[in-house]
Structures are given as C-alpha cells and as structure tokens.
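Down below is the structure, laid out as structure tokens.
The values are calculated or read from the model by the stated rules, or taken from the named source; none is laboratory data. Every value quoted in this text rests on a predicted model; they were computed, and no experiment measured them. In this analysis, Cβ positions are derived from the backbone assuming ideal geometry, glycine residues included, and neighbour counts consider all displayed protein chains.
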Amino acid sequence: MDNNLQQTQPPATQYWKSLEELAGDPAVLAGKQHEFQAGVTDDFDPQAMSGISRRKFLAVLGASAAFTLASCKAYRDQGKIVPYNKKPEEILPGTPNYYASTVTTHGEACSVLIRTREGRPVYLKGNPDHPVTQGKISSHFQASIMALYNPERVASPLKGEGGNFSPATWQEADTEIIAALKALGGKKAALVVNRVMSPTTRQVLDSLMAAYPGTSVYSYTLYNESARDSAWKKTHGGNACPPIKWHEADVVVALESDFLGAEGDIETEMRYAQRRDVMGDKPFNRLYAVEGPMSLTGMNADYRLRLRPDAQFEFAMSLLNEIKGASDAEYSLSSVAKKHGLSESVLKLLVGDLKANKGKALVYAGSRLPEAVHVVANAINDALGSTGLYHTAETPVEHIPAATPEQWDALVSDMKAGNVGVVVHLDSNPVYHFPADLGYAEALGKVGLVVSLTKEHHETAQNSKYVLPIHHDLESWNDYKVRPGIQLLQQPVIQPLHDSRQQEAALLTWIKGDSAAHNEKLYYDYLVGAWKQLHPKLNLLVDFQTFWNSALHDGFVTYSESTPGVGAFKGAALSGLKAIKPGSDMLVVLQRGFNVGDGQFADNGWLQEFPHPVTKVVWDNYAAISPATAKELGLRNDDQVEVTVGDRKVVLPVFIQPGTVDKVIAVELGYGREHAGTIGTKVGVNAGVLRSHKQQDNPWLYAATAVKASGRHHLVTTQTHHDFNIPREQDLHLKRKIIHEASYQEYAKDPNSAAFHGHHLVNITKMREYEGVKWAMAIDANKCTGCGSCVIACNLENNVPIVGPEQVDRGREMQWMRIDRYYSGTADEPVVSQQVMLCQHCDNAPCEVVCPVNATNHSPDGLNQMAYNRCVGTRYCSNNCPYKVRRFNFFDYRDRFAKALYRKDVHQLIHNPEVTVRSRGVMEKCTFCVQRIMYARQEAIKAKRDLKGSDVVVACQEVCPSDAIIFGDANDPESKVSQYRKHVTGYHVLEEFNARPNVTYVATLRNTHA
Amino acid sequence: MQVANKTNAVEGPDFSKETPVVLSSPSFHDITEVISRPIESKAGMKWYIALAVAVSLFMLEIFCWGISFYYGTGMWGNNIPVAWAFPIVNFVFWIGIGHAGTLISAILFLFRQKWRNGIARFAEGMTIFAVMTAGLFPLFHTGRPWLPLYLFPYPNKHAVWTNFLSPLLWDVFAVSTYFTVSLCFWYVGLIPDFATLRDRTLGKDFISKVRKTVYSVLSLGWRFSNRHWRHYERVYLILAGVSTPLVLSVHTIVSFDFAVAGLPGWHTTIFPPYFVAGAIFSGFAMVVTVLVFIRYIFDMEHIITIDTLEKMNKIILLTGTLVGYAYGMEFFIAWYSGNIVEQFAFINRAFGPYAWAYWIMISCNVITPQIFWFRNLRRSVPIMFIASIFVNIGMWFERYVITVTTLVRDFLPSSWGWYNPTLVDFGLLIGSFGMFFTLTLLFVKFMPVVAISEVKGVLAQAKPHHHHGGGHE
C-alpha cells in the first residue's frame, strides 16, 4: 500500500544509499521495494491473508491480556487494609514504640520494655534501666506474649452448668456474684489466688474482705520456697530466705538444686555468670553439684556427684560435721560416701575447697528438699562464715502469706460441709495444682457459686459456674513489688482484645455492690489513688504527676527501704531436727517443669517446642531413670513405666538419662493438663497426681514402686540418643574439634595452655576484603548455662513457626538456634558439654556456592543472607552446611500445625512485621537479626553518622541473662566481639573445614583442680 | 568348519570367524516382517495387561506428585539433616539407567560394534524414557516446584543471575542437553524405519489412515534415496560423536552434586568415574532385564541373539567390578586421608545403623556380577534376568547409601538424624517404574523396537561381496 505511494511520488528529500540509487537506476529503485528480491513473490499482503488488521490484532491481544489479569486472584487473601483516618500522634508507621511495663508468671514479675508496632505489642525485652535484671528476661516472660494473642482465650463471660458453657454477660455474672456475696450470711467466701505480688491488688483484696465479712484470701504458689523460708525462719529469723550473691561466691555446693535451671531466675544466672567470665578480672568460681536427677546445674558443674535426694540429709549432716571437725559415727562423710558410692577423692576436694574459702563458700540446698536439709545447709553456711553471701537487700516481699496446709484443709472441709457460699479463683488453677487427696475439685461441687477469673480455660474454670475473662498483662494496669525498694508499674499497651476486664476492676465492682459500677478506668483510678498515697512517703521534690509520669516512663520507681540483715544463727534449730533416713526403694522426684512452669505454659507452643535443656525432649514429660535402673526394671527408651505411690498411680514414658542416680525416677510437673486448649491438652502426663496433701513436710519426694507397663510412648527429641557403648561414637565433639575444652587452673597460670591448636589454613584464592562494618558473634561457653532464653527470643523476633511433635520427630523443627549437648565419660558419670549453635555466617560459606539460584549469598558486611522469594527449595544448602543450622519449611506450618490455630486472625498479630513470614518450600536460618541491622543503619543514615557495631543488639544477645552472646563489628578492633575473636581461648567450630565461620566460641574452661 | 570342530573336539565358540550378528540368515524381508509385526498386528492380551499394570503405577506416581505438590515436600520423609532422600536417589538411579542407551548407540557405533545394532534402538528408547522419568524428580523435588524458571539464566528485571558455581545448575544443563541430543539421535535413527512403516501401511480404514499420516509426518518425506542415505549416515555419525562425551558428562555432573559438596562420603574425587561406571552398569542391567522379555515375546531371538546378551553381560561384569573397586578405594582413601570425619563416615556406612543397605549394595553390585565369569551362566537367560534385577536393586541402594548415610551422620553429632521414607516416597519410587514401563510399552507397540535398517546392514547379504543365490545353509 505504502509502497505504491512511494513509487509514484519522488522522495521529497534526497537521501541516497548508493550511487546507483542517486543516479536513479530503475532496477535498483525497484529492488529497494523488495526485501527478498529473488524468489519471493511480490504480492505478499498480510491483510489479504487474514481478516484481522495488525491494529485489531493488538487490540484483541491487549483485551485478552486485560481479561486474563482481571481473572487473576491474589496468591493469598491479603485481607483489608484500612489506613489511618486520623493518625495517632505517637504512631509512626514502621517505627516501633517502646513502653515500660511489667509481665508476670505465677509467682514472678519482670520489668520489661514492650515493643509495639502500629499499636500492637510484638516483642518483649527486659527493661534495661531496671537495677537488678538490667534488660534481661527469661524465656517464660518472653513467651508470655503468646497468651495475649492466644486464639483460644476466653473472649467473653461464660456461664457453665456441669462443664458445659454458654455465653453470658458481665452484668449477669456481676449481679449473681454480688447477690451471692451479700447473701453469705454465716457462710464463708474464699478468694483463691496465686502469689499476690501487687500491693494495690492486696488493698483491693483487703477491701473485698472488709466489704463482705466471712471472705478470706487463700494464696498459693505451686513451686514455692516454703521449705527454704521456714528453715530460714528457724535458723536466722525473718520471713524469707534472702537470695544469694552468686557473684561473690567462690565455691558453690548445690545440693539437689537446679538454681541454674528450673529453680533459678534471671538474677541468679546473671550473677553466677559474672564468675565465669574470661574477660572479667574475677577468678572463676567452682561448682559442685550433688544431685539425683541430671539437671542443668549438674550439667554445668565442675564436679558432679550422684546422690539420692532422700540421702541429702545424711550428706549435709556429714558435711556439717566435717566442716565443724566434729566426729559423729552416724553422719560421717566417709561412711556416707561408701554407702552411696560417692567418690571420696572428689569429696576431699569439696571439703578442702569449703574450708579454704570460708566466707566465700556456699552450700545451697534445692527447693524440693525438705526443711531439715535447708536447716543443715544454713548451719554449714554459718559454720563457713558465709552469711555475707546472702543478699538481704533483696529478700522477697510477700504481700499475703501463703495459706498453710491446715488452712486449706479447713477450707476444703468447710466447702464439703456446705459452709462456703462463694469461691472465686483469681487467675489460679487449684484443681490442677492441688494433690488429689485434698479433694478440692469434689469440694467445689458443694459450693454455691464458683467463679474463675482467667485468661484461658482450665481445669478449675471447668468446675466453675462463671468463667470471666480477665486482661492479659499487656492490657492491664497494676503495680508489683517483689523485692524491697523497687516498685514496678504495669501499663496497658493495647486495647483489650476481648470482652475481658481487669481482674481488680471486677473485684472493685463487687465491692461497690453494683454491677453497673464497672468502667474501664475503675482500677486505674484506684491504682493512681494508691500511688498518690505512696508519693508523699518517698519525700520527693517533684509533684505527683511528674512522679507518676516518670514512673510510667521508667516502668518502676526505686526508693530506699531498710531490710533486716541476717540474724544470728540459732543453734537450737539443729537439735530439733527429725532425721531423714534414705530409703532403698524407688524414689520419685517431682521436678519443676522447665518449659511449662506449673502448667500455665502448657498451651504455649514456643515453650512446648523448646527442647528440654537436659534431655532435648519436646512436647512431653517422662520418667527419667538411670541406665542401671532401666536395666533392673527391664525398660528401654519409650517403654512405659507404672509408678505407684501409696494408692496413687501414674503411667509414664521412660527416658534413660545418663547421670541419673540409680533407683530414682525424675518427673517434671506441669504436664498432662486436661483443659488447656488445642495446644496444651493432654500433652505429657500429670505427675502431680502422685502428690499427697498429707506429705507436707516433703512434698516433692515420694517412695514409690515402679513396674514396666504395657505399651510404648514415643518421646520426641531433637538430638539422637547417645550410645555410650560404641567406642567410635565416643567423644566425637572433642575428636572433631567441635568443642574445645581446657582446664581453668592451667589457664589461670598460663592462658596459652587453653589455646586452640589448629592447622594453619592456607587459601589458594584471595579472600574477600570487608570494608566498613563486618558482623560477627562470639559465644562464651563458660557463661552459657544452656537455659534457652536465646532460642525463645529468636523465635519471637523472627516469626519462627511452631511445627508440633510429629514434625519435630521427623527432624523438622524450625528453631534457628539450638543448644547442642554432648556427653563424654560413662553413662553413669557423664561429663556434659553444651554449645549454642546457629548460622555461623561463614566467609567461605559452603551453602552459598551450591545454591543454583543464588538465593543465599553474602552481603558486603559479612552476612550470609537468604532471599526467601528467590529460594526454590532445592535444600542443597542445608546438605552442604557442616553445622546443619538451616531450616526448611517442609509444610506451611502455620496452616498445618494444630488445625491452623496459629493462622487465626488474632494470632497473626504476634508476627514481627519487620520479618518475612516464610512460605512453604523455602529455606531459612539465622540472619543475625538483619532487620535490626537495617534499622540501625537507617537510623545512622538519618543521623548522618557511621554505623557502629554497638548500634545493633541482636535478639539472642539481648535476652541472654549471662551475657554469653556477644555481637558486633569484627573490623572494629575496639569492639567487644573483636576482643573475643582475638582471645586466646577463642576458636571456631570445625575450623579445618575452612568455612571461615564468623561465630567465635570461647573454650570451655573447667574449673577442676587438675 | 565341521572338520575343524571334529579335530578340536572342544565345544565352544569358534573364534576363527566372525560370529554372525543375526542368526538363521533371514532375508531383508523377513527382518522387516519380524520387526513390523508387533506394530501392525493387533496387540495381544498380555500387552494390555502389562500396560494396565504400568499405567496404574504411573497413575500412582501422578497421584503422589499431586499430593506432594498440594501439601508440600513434607509429605516425604525428608528432614534436616537428610534434606535429600528418595527423590534424589530415584533421580540418580533413573539417570543411571538412561546411560546404556547412548553408550550402546553412540560409543559402540563409533567403535564399529555391529552387535549393537540389534539392541541399540531399544536401549536408546530406554534412555529417553529413563531420563524423562528421572527429570521429574529434581523438578518436583524442590520446595516450590512452580518456580523452575529460576533455575534458568534468563535476563530479568531483578538482575538476579543463576549461580554457575552450583552443581545443581550444571545438572540442569547436563540433563537437558543429554535429553535433547539423545532424543535427536533416537529420532534420526527412526526416520528410515518410520518410512518403512509408512510404506507398509496400506489399509483404507480410518485407523490405517491416521497411522499412515502420522508415520508420513514422522518420516519427513524419506524416500530411501541414495542421497537421503548419504545425509542420514553423516548426521548419524555426527550425532554419535556429539553424544559420546555426553555419556561421560551427564553422570559426571550428577556425581558433582555430591562430590562438590563438602560432606564426608561425598567429597571424593573418585565420584565421576565411579558414577559413570555405575550408570553403565545399571543401564546395561536394565537393558538386559527388558530385552530378554522382548526378544521372547516378539520372536526376535535370532535378531537379539544370545551372543549379544553375553556381550552385555561381559560389560556388566566389567563395570560391576569397576564399581566394586571404587567401593574399596573409597575406604582406602578415607583411611589414607587421615580425615577422621571421612573415616567415620565410611565405617558408619558399613557397620553403622544403615549397614543393611550397604551390604545389600555390596552383595548385589559386587558379588552378583561375578557369576558372569562363567560362560554358562553368562549365556543363561534366566540367570542373567535374575542377576540384572539384582544389579538394579543394588544400584538403587548404592545411591541410597551414598545419599542417606552421609546426610544422616555428618560433622556435628548433635545434628545427627534419622531417615524414614513415607508411603508417598514409596509411591513415587514404584510409580516411576510405572511411568517408565508405560512409555516402554507404548514404544514397543507403536515404533520399531529394533532398528530395521541397521539390522539389515549387518546381514550377510548386505555385504558388497555377497552373491545372491548362495551361502544359505
């Protein structure tokens, strides 16, 4: 078409390509129009071939593409996004806000900073200003945020009839409760509470008791220190035994005490670790553990002796005699050693150390030992002149003394007799916690009105007429005082998610006797009122509002408060002691649940899935027995054993734990909950049924019989069972230079003796140079106790999914960090080494070279990074990782776990918005908290300064109570991490693999005598 | 000759003259008839039953892939540390099976091994099907199998390039190249035979018309002209030349998946030759397993002769012994290296929790082929059938031992694990045989299972000095 036009009209401007063209050679001019001059016909006309023009074709193409696009659906429903209509002043999208507040567990309170994003709390970190905890936080407090977003929280009041619940209203419940309280007449009412830690709550309880005569408060804590405290009362006077200045003790003898594990707290770990610091100037302490079951403390001990817990009295008495130089035929160390097969040489060293370190040596009896042992331990410490090691300024404060066993007996018999009109449970679960022979659950049936104020449904709520939802800590106002001179404040950081009420506000409504009296500010006003009374007592220069605001800002106030010192030792306490004779039968030791606490964390997936620090078992409890006892009873791992105490029985799966003393069955409490939601119900076995209310003087140790029961129950562990019988599998952690160990005594004389001797590694290629910041980590194995706070913090920070026991059993746990445990020595007397393992961010990362799609690669600041949306999931990187720290999403675990419970809307709020929630089919691993690095970098750019290593604190480092994790800039010679990298004890795991890892480990220095 | 036999008085082969590749001296037409018969006659009941079984298993595979796709790779037993397991074992196994075809058709062609002509076509077909079966595994084995595009270096706006350092990427190229070249080679060889079939399809019914059309298209206008033959021979030679290095490269690169990784038991330089030998070993065994059936069912004993099978068995003996040498050498090097992790890995293989798999591998792969030292056993069809099946079991276990025992226990004892395959894993393994045999059965029904023109080329009458009317005994 156009051709014809061109042919007929001469070109307007003369552009020519050849002389022939210029000359107007007709053949050339004709040829110009034919691209394929020879052999191609001239009459090629696209329009003739098709009815559709090019224009039309393109139009149709475009339209069909548009239709295709229109029919596309989002990969996953994104939900609705509603922007702010009026933006709240303090919220800057993408920028976290921190609020100081307090979180609690049953019996403990911790000052925290709550990170909120766009108005929702997503992360808890310790309050760095707090003078005692100094920004540290334990895993239970960390994980307690899960309870806020628990999809199975009680969302609105429930009214029950024989265990079936129907929705009710607050007004209905309040009216009935107030009526019942008013109509008590001569009857009694009981308020059953966990340890009350708030002075203001106590005031509320007092006024309730005043408003309704006949009402009394019964307080209890399942894991209490009653034996320790009553022994202290007898030996030194005062109400409670003060905590220990662990950082000042040179020698510690732990008698059946897991003070570094389930019985410990943040302060203990922090202070203990100060004496295990290669960078510090104080010498290492020495820890002797004398215990029956293997505990975290025993694993960390320099010397460990196996002793039946019921022989601790004998042992302590003999030790006392030895220290005093008294000779006593009944209690002499050598006869006790012979009787129980203890190593005499170790005992000699122990006694020698105690005597040589008078004033700095401490014998510490465990919480589960009876009062008599504590009395003897106090006597030993007195004889050693070590009373200065008691931290009297931190003696625990009790607002309401725990109800005595006799008071409980009286209450239950009153209930059974129909003399109790109302029982209110304030966030407490006595039906689960109390021994069955107290008969509490049956007695509840005789009570006119049973009420449970609770966050989650539980066994006691199941027996209640009203189940009333209360606020989570993060929705509540309150104050707490657990030690002298510091009062913590709690402020809400989110609007109540459900139709719940502040527990104290519900009580205040009842006190007012009018169901309409409730409003959201009821308890806030009350609390402010209480603090207005506190304010003048402190003699501050500032007015109340300033005081209140600064207290809210800081999360606490401190004031000086005098505390009584350690009273003189009363020798009479010793003379009246009832001797405890060790039995020769099986002994059941009921231990504190390390992960689930007293059962309140049974529905917390993070904690359930955290491998138990000793056994590495997840989602279960078990009977831990020694290999010899297993042989005697004909038991193998995963067999079931029936343990009988009196007429009480329980069937438990067997776990053969090296290092357990023979004839002892160690079981953890807090499992086997009957009503703990989808996650927590029927996980493990409730060993609490073995307890007897009558055995109050020794509530955790029971003589028992054990026989093999039928059936097997598979216990899921994250580390395979260690076989002590195969020589080639022994001590591999030492042979392969995974863990480097040395003697502290040698090191103290000559630090070079602890140096790691590897081969000099030569690279044939030039290593990449890192300019600017290069991230690196150091892990001090001496400070690390293996508590696992880091793992929980990592889960929380990095949206690590929970996979459930079946998947863990398949080897698919997702935790980015793990704590490796190695045994050497014999199965009876194992020596334990622990190692925190996470991505080593190798310079020569083996994972990076094998990824076909470049999904894992190296950043200029030395991070081994994962591009999740590039990852296709070949899993080659994991194969080639010598540390096996990579985790693969074999499923979409949020969909798969517990019927997609954690996919529910409310739970989704828990996710850290800074971290991608990984889809199925992608690999993930520790990122060195790259989101925190990026945030710090952004801040540095905004402030126009260079990013420094100290600007970034990673999650695991942040929480580690013992500061065993150090993170920073390896290129900065001044940084702490460089000091560790240069330190003589520093080494890398599998150094000769030449991956050039960037996590430096400090050699484990054992403070033995040799 | 009969005189010689008498004087020698020894039973056995007569080495004084070339063994005929095809027995009983059939005419050209006989050859065409025999080979075309299965295609042109109505399929028997046996074929339908076999196909039904194979397709059922194939459906099982499709089902298992479906649920793996829908729920995720978690449906398998894979875990951390055993991130690779059954699917990779199956992949390497099937790729290995696929080695015999190209070796027979290309390398033996270049070496002028005329005995190959009877089995080359089938072996090549087997290669194609085995590579197809194998190829599904790495593709669907990934966590996100809907993103295979990421494995190809295509320019994209993210400016992300593939990682050419990764052996998995080499795999992508090695396997796809191998498949493409093998397919071309196979197809080029089929062209004259398609033309033969086209010319023989004379029926006027609908089926025959369809058949004729298909064969006409596939034969690309082949007219048996001298010029066609000249081009054909040249292309065939070139493709044989191109294929030859691929025989070595594919399994070398597959072995790099392991050897380039740093794990004990994987990181060894012996892997490439050892894998290639193993691949030829298993490929030949699979050819033997299937051929003894085919020659029996289709009356082709005179075309696929016992002499040919014997030669195959000799290669099985050779490669099996090579593989045995590699097993021994791995142990020696582990000891000689002084690397305690490496030493542990091998002792753990032979005496650890997976010792049963290791000893299955040793007895099937090293001990079983030793029976072929004996001529009687080498020439016994039942014996070679059973032995070849053992070899394939052994070779599957070899890959299982290499993949799983190394991953189960590598450097850090803390991360040692265990591997339990799931039903889906077994479904995929069994189903992959379904896919392979479905394709094989369709092949033997619709395509000439023996290269008609090539077999004719090795007949006595094809030789230039052959004179008509004589020589037939």
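Below is a table of values for the structure above.
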quantity: Residues (surrounded by fewer than 24 Cβ atoms within 10 Å (Cβ to Cβ), in contact (Cβ under 8 Å) with a residue 40 or more places away in the chain and not in a helix (DSSP H, G or I)) located in region A:496-509; calculated: A:Leu497, A:His498, A:Asp499
quantity: Scan of region A:865-885 for residues that are farther than 14 Å from B:Pro81 by Cα and either at the interface with another protein chain (Cβ under 8 Å from one of its Cβ atoms) or free of Cβ contacts under 8 Å to residues at least 60 places away in the same chain (or both), ordered by number; calculated: A:Ala867, A:Tyr868, A:Asn869, A:Arg870, A:Cys871, A:Val872, A:Gly873
quantity: Residue count, region A:650-671 (criterion: at positive phi and buried (at least 23 other Cβ atoms within 10 Å of the Cβ)); calculated: 2
quantity: Complete set of residues in region A:442-472 that are in contact with a Lys or Arg (Cβ under 6 Å, 6 or more places away or on another chain) and basic (Lys, Arg); calculated: A:Lys446, A:Lys455
quantity: Region A:864-888: number of residues that are more than 25 Å from A:Arg821 (Cβ to Cβ), touching a Ser or Thr at 6+ places or on another chain (Cβ under 7 Å) and part of a loop (DSSP other than H, G, I, E, B); calculated: 3
quantity: Residue identified as at pLDDT 95 or above and either part of a helix (DSSP H, G or I) or crowded, with 22+ Cβ neighbours inside 10 Å (or both) among A:Leu319, A:Leu287; calculated: A:Leu287
quantity: In region B:110-135, the residues that are aromatic (Phe, Trp, Tyr) and surrounded by 24 or more Cβ atoms within 10 Å (Cβ to Cβ); calculated: B:Phe122
quantity: Failed criterion for A:Lys581 (all others in (1) in contact with a Ser or Thr (Cβ under 9 Å, 6 or more places away or on another chain); (2) closer than 30 Å to A:Gly341 by Cα hold); calculated: (1)
quantity: Residue in region A:949-967 that is among the β-branched types (Val, Ile, Thr) and over 27 Å from the mean Cα position of the chain (by Cα) present; calculated: no
quantity: Cross-chain or 6+ apart pairs with Cβ under 9 Å, region B:161-182 first and within 14 Å of chain A (Cβ to nearest Cβ) and in a helix (DSSP H, G or I), then surrounded by 18 or more Cβ atoms within 10 Å (Cβ to Cβ) and of a type in the set (Asp, Glu); calculated: B:Pro167/B:Asp257; B:Leu168/B:Asp257; B:Trp170/B:Asp257; B:Asp171/B:Asp257
quantity: So A:Ala1010, is it of a type in the set (Gly, Ala, Ser), part of a loop (DSSP other than H, G, I, E, B) and either within 14 Å of another protein chain (Cβ to nearest Cβ) or within 25 Å of the chain's Cα centre (by Cα) (or both); calculated: no
quantity: Entirely in region B:41-133, the helices (runs of 4 or more DSSP H) that have 1 or more residues that are within 14 Å of another protein chain (Cβ to nearest Cβ) and acidic (Asp, Glu); calculated: none
quantity: Helices (runs of 4 or more DSSP H) wholly inside region B:371-473 containing at least 1 residues that are at pLDDT below 90 and away from every other protein chain (no Cβ under 14 Å); calculated: B:423-446, B:452-457
quantity: Residue check for A:Glu958: more than 30 Å from B:His141 (Cα to Cα), of a type in the set (D, E, K, R), within 14 Å of chain B (Cβ to nearest Cβ) and not in a loop (DSSP other than H, G, I, E, B); calculated: no
quantity: Scope region A:260-284; condition of a type outside the set (Asp, Glu) and either buried (at least 24 other Cβ atoms within 10 Å of the Cβ) or not in a loop (DSSP other than H, G, I, E, B) (or both); matching residues; calculated: A:Leu260, A:Gly261, A:Ala262, A:Ile266, A:Thr268, A:Met270, A:Arg271, A:Tyr272, A:Ala273, A:Gln274, A:Arg275, A:Arg276
quantity: Filter pass, B:Asn348 being touching a Lys or Arg at 6+ places or on another chain (Cβ under 7 Å) and away from chain A (no Cβ under 14 Å); calculated: no
quantity: Residue check, B:Leu168 buried (at least 19 other Cβ atoms within 10 Å of the Cβ), at pLDDT 90 or above and closer than 30 Å to B:Phe91 by Cβ; calculated: yes
quantity: Tally, over region A:811-848, of residues that are of a type in the set (Asp, Glu), within 12 Å of chain B (Cβ to nearest Cβ) and out of contact with any Cys (no Cβ under 9 Å at 6 or more places or on another chain); calculated: 2
quantity: Positions within region A:636-683 being under 16 Å from A:Pro435 (Cα atoms), in a loop (DSSP other than H, G, I, E, B) and over 25 Å from the mean Cα position of the chain (by Cα), in sequence order; calculated: A:Gly646, A:Asp647
quantity: Residue in region B:328-349 that is surrounded by 21 or more Cβ atoms within 10 Å (Cβ to Cβ) and not in a helix (DSSP H, G or I) present; calculated: no
quantity: Residues satisfying the stated conditions in region A:169-226, i.e. of a type in the set (A, V, I, L, M), surrounded by fewer than 19 Cβ atoms within 10 Å (Cβ to Cβ) and more than 30 Å from A:Gly688 (Cβ to Cβ); calculated: A:Ala179, A:Ala183, A:Leu184, A:Ala210, A:Ala211
quantity: Members of region B:179-208 found to be surrounded by fewer than 19 Cβ atoms within 10 Å (Cβ to Cβ) and of a type in the set (Gly, Ala, Ser), listed by number; calculated: B:Gly203, B:Ser208
quantity: Answer residue from region B:227-245, given it is buried (at least 16 other Cβ atoms within 10 Å of the Cβ) and among the aromatic types (Phe, Trp, Tyr) and is nearest to the chain's Cα centre (by Cα) among those; calculated: B:Tyr236
quantity: Odd one out for A:Gln134, checked against (1) surrounded by 23 or more Cβ atoms within 10 Å (Cβ to Cβ); (2) under 30 Å from A:Cys956 (Cα atoms); calculated: (1)
quantity: Subset of region B:27-39 (residues that are touching a helix residue (DSSP H, G or I) at 6+ places or on another chain (Cβ under 7 Å) and either surrounded by fewer than 19 Cβ atoms within 10 Å (Cβ to Cβ) or of a type in the set (A, V, I, L, M, F, W, C) (or both)); calculated: B:Phe28, B:Ile31, B:Ile35, B:Ser36, B:Ile39
